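Everything on this sheet refers to the single structure shown next.
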Amino acid sequence: MVLVIGVYMVAGNLANGVGQGARGLAKGAVPAAYQALVQKWGNLCTAINPALLAAQLYQESGFNPDAKSPAAAQGIAQFIPGTWATHGIDGDGDGDRDVWDPNDAIPSAAKYDCTLAKYVKDAPGDPTHNMLAAYNAGAYAVIKYGGVPPYKETQNYVKTITTLEESFAAPVTRVDPSKQAAGAIYYAQKKLGTLYLWGGNGTADQGGRFDCSGLTKASYESVGITLPRVANDQYNAGPHPSRDELLPGDLVFFSDDLTNSRAIRHVGIYVGGGYMINAPRAGAVIRFDPIDTPDYFGATRVTEDGAKALPTSV
């Protein structure tokens, strides 16, 4: 998907009235360099929130400010050059509008969301869903059909972004356990003692060997849930329970940068009692290891919808 953003210029300082909002971002879900921007501009209007804005940016570029698409979309928010030339805004007030600068691109993305929300404010239904539908299908379609139009692509888009939003939001209540967790653990237990292989997916030509994220991917695939291949994307496969809320089957993550989920370098499957099953490193075998180490980053409770919402590549 290409984020095609059109922003109508308004008078005055766009930062005026930007609140802090009540919905916080999950620990490290947004890279530290962009967290303040997403928190601030994600509260520009009531139809959006920081987690929703984060979900859009992740879906489009994986928070990569240098991202380029085959359709010539550019930057962290994936603007098409012609659209940026007409509608990009000077988000940081430094006198220029730079598509490659997240300080301009992130505010522009938020402003466009709010502009769409204003266009469809009188349509019945959830204002955020209507805004996302307008983003995908156009405001006229939302007005015509009195809400999210009956287009499969648009309905899927709304569901994808609102589901992915949950992986960027700090949970406010206890996260429900995954129904597939026990099956994933059962699969991983059968692999105990298997020698680690960098890039291993457990295929026959690899001798049934795994690396860390290959093991977690295969474990959840055994119960019908397809996860991304790498650990830092697997972090976004569902909401994030706190350490004292962990349940068997949760994915647990480790990083040398505890402020940035994109820097996650290791993942395991929690089994209870402070231990996980993981494929730790070259020369080691799949085994039980404690999770309470200085590089413990956080956890994800995998959900089927959450996994389906993830982009195939970012």
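Out of curiosity, is Ala188 surrounded by fewer than 17 Cβ atoms within 10 Å (Cβ to Cβ) and of a type in the set (Gly, Ala, Ser)? Break it down stepwise before answering.
Details: surrounded by fewer than 17 Cβ atoms within 10 Å (Cβ to Cβ): no; of a type in the set (Gly, Ala, Ser): yes.
In short, no.
Filter the stretch 296-314 down to the residues that are part of a loop (DSSP other than H, G, I, E, B), under 26 Å from Ala77 (Cβ atoms) and open to solvent by less than 50 Å² (accessible area, probe 1.4 Å) and list them by number.
Initial filter on the stretch 296-314 (part of a loop (DSSP other than H, G, I, E, B)): 301-303, 310-314.
Filter once more, so that each one left must be under 26 Å from Ala77 (Cβ atoms): 310-314.
Selection gives Leu310, Pro311.
Test Asp122 against the stated conditions and say whether it is surrounded by fewer than 24 Cβ atoms within 10 Å (Cβ to Cβ), closer than 15 Å to Ala47 by Cα and among the acidic types (Asp, Glu). Can you show your working first?
On the way: surrounded by fewer than 24 Cβ atoms within 10 Å (Cβ to Cβ): yes; closer than 15 Å to Ala47 by Cα: yes; among the acidic types (Asp, Glu): yes.
The answer is yes for Asp122.
Check off (1) open to solvent by less than 10 Å² (accessible area, probe 1.4 Å); (2) touching a strand residue (DSSP E or B) at 6+ places or on another chain (Cβ under 8 Å); (3) within 27 Å of Asn156 (Cβ to Cβ); (4) modelled with pLDDT under 95 for Asp113 and give me the number that stays unchecked.
Here Asp113 clears every test but (2).
So is Pro248 part of a loop (DSSP other than H, G, I, E, B) and without any contact (Cβ under 8 Å) to a residue 24 or more places away in the chain or not? Please lay out each step first, then the result.
Working: part of a loop (DSSP other than H, G, I, E, B): yes; without any contact (Cβ under 8 Å) to a residue 24 or more places away in the chain: no.
No, not satisfied.
If the requirement is being within 21 Å of Leu25 (Cα to Cα) and among the β-branched types (Val, Ile, Thr), which of these qualifies: Val223, Val158, Val230? Give the derivation first.
Values: Val223 fails: within 21 Å of Leu25 (Cα to Cα); Val230 fails: within 21 Å of Leu25 (Cα to Cα).
Exactly one of Val223, Val158, Val230 is within 21 Å of Leu25 (Cα to Cα) and among the β-branched types (Val, Ile, Thr), namely Val158.
Can you pull out every residue in the stretch 275-295 that is in a loop (DSSP other than H, G, I, E, B) and under 26 Å from the mean Cα position of the chain (by Cα)?
Initially, the stretch 275-295 is screened for residues in a loop (DSSP other than H, G, I, E, B), giving 279-284, 286, 291-295.
Selection gives Ala279, Pro280, Ile291, Asp292, Thr293, Pro294, Asp295.
For Ala282, all conditions in the list (1) surrounded by 21 or more Cβ atoms within 10 Å (Cβ to Cβ); (2) within 20 Å of Gly202 (Cα to Cα) hold save one; what is the number of the exception?
The failed condition is (1).
So which residues in the stretch 125-134 are part of a helix (DSSP H, G or I) and open to solvent by 10 Å² or more (accessible area, probe 1.4 Å), if there are any at all? Let's see the steps before the verdict.
The first filter runs over the stretch 125-134 and keeps only residues part of a helix (DSSP H, G or I), leaving 127-134.
Selection gives Pro127, Thr128, His129.
Please enumerate the residues belonging to the stretch 89-109 that are at pLDDT 95 or above, hydrophobic (A, V, I, L, M, F, W, C) and either under 21 Å from the mean Cα position of the chain (by Cα) or open to solvent by 50 Å² or more (accessible area, probe 1.4 Å) (or both).
Scanning the stretch 89-109 gives Trp100, Ala105, Ile106.
When both residues are 6+ apart or on different chains and their Cβ atoms are under 6 Å apart, which pairs have a first residue that lies in the stretch 154-182 and is closer than 21 Å to Val38 by Cα, and a second that is assigned to a helix (DSSP H, G or I) and open to solvent by 10 Å² or more (accessible area, probe 1.4 Å)?
Listed pairs, sorted by first residue: Tyr157/Asn136; Val158/His129; Thr163/Asp305.
Considering only the stretch 63-88, state which residues are out of contact with any Leu (no Cβ under 6 Å at 6 or more places or on another chain), open to solvent by less than 10 Å² (accessible area, probe 1.4 Å) and modelled with pLDDT under 95.
Once the filter is applied, which keeps residues that are out of contact with any Leu (no Cβ under 6 Å at 6 or more places or on another chain), open to solvent by less than 10 Å² (accessible area, probe 1.4 Å) and modelled with pLDDT under 95, the stretch 63-88 yields Ala73, Phe79, Gly88.
Just the residues that are among the hydroxyl-bearing types (Ser, Thr, Tyr), under 19 Å from Pro239 (Cβ atoms) and in a loop (DSSP other than H, G, I, E, B), please, taken from the stretch 135-190.
Let us first name the residues in the stretch 135-190 that are among the hydroxyl-bearing types (Ser, Thr, Tyr), namely 135, 140, 145, 151, 154, 157, 160, 162-163, 167, 173, 178, 186-187.
Applying the additional criterion that residues be under 19 Å from Pro239 (Cβ atoms) yields 160, 162-163, 167, 173, 178.
Of everything in the stretch 135-190, those that are among the hydroxyl-bearing types (Ser, Thr, Tyr), under 19 Å from Pro239 (Cβ atoms) and in a loop (DSSP other than H, G, I, E, B) turn out to be Ser167, Thr173, Ser178.
List the residue pairs whose Cβ atoms are under 8 Å apart, where the first residue sits in the stretch 283-304 and is under 17 Å from Lys27 (Cα atoms) and modelled with pLDDT of 95 or more, the second is in a loop (DSSP other than H, G, I, E, B) and open to solvent by 60 Å² or more (accessible area, probe 1.4 Å), and the two are 6 or more positions apart or on different chains.
Sorted first by the residue in the stretch 283-304, then by its partner, the pairs are Asp295/Asp256; Asp295/Leu258; Phe297/Lys27; Phe297/Leu258; Gly298/Lys27; Arg301/Asp176; Arg301/Pro177.
Being at pLDDT 95 or above, closer than 22 Å to Leu310 by Cβ and among the aromatic types (Phe, Trp, Tyr) is the requirement here; does Phe254 meet it? Write out each step before concluding.
Working: at pLDDT 95 or above: yes; closer than 22 Å to Leu310 by Cβ: yes; among the aromatic types (Phe, Trp, Tyr): yes.
The answer is yes for Phe254.
In the stretch 264-274, which residue that is touching a strand residue (DSSP E or B) at 6+ places or on another chain (Cβ under 8 Å) and part of a strand (DSSP E or B) is most open to solvent (accessible area, probe 1.4 Å)? So that I can check it myself, show each step before the final result.
As a first pass, look at the stretch 264-274 and keep what is touching a strand residue (DSSP E or B) at 6+ places or on another chain (Cβ under 8 Å): 264-271, 274.
The next check asks that each one be part of a strand (DSSP E or B); those that pass are 266-271.
On the way: His266: 21, Val267: 1, Gly268: 1, Ile269: 1, Tyr270: 15, Val271: 38 Å².
Ranking the candidates gives Val271 first.
Report yes if some residue within the stretch 149-168 is among the small types (Gly, Ala, Ser) and surrounded by fewer than 23 Cβ atoms within 10 Å (Cβ to Cβ); otherwise report no. Before the answer, list the steps.
Applying the first criterion (among the small types (Gly, Ala, Ser)) to the stretch 149-168 yields 167.
Now narrow it down to the ones that are surrounded by fewer than 23 Cβ atoms within 10 Å (Cβ to Cβ): none.
The answer is no, given that none of the residues of the stretch 149-168 is among the small types (Gly, Ala, Ser) and surrounded by fewer than 23 Cβ atoms within 10 Å (Cβ to Cβ).
The values are calculated or read from the model by the stated rules, or taken from the named source; none is laboratory data. These numbers come from a predicted model, not from an experiment. With ideal geometry, Cβ positions are generated from the backbone for all residues, glycine too; neighbour counts draw on all protein chains shown. Side chains are part of the model used for accessible areas, which takes the heavy atoms of the whole protein and leaves out ligands, DNA and RNA. Shrake-Rupley method; radii C 1.70, N 1.55, O 1.52, S 1.80 Å.
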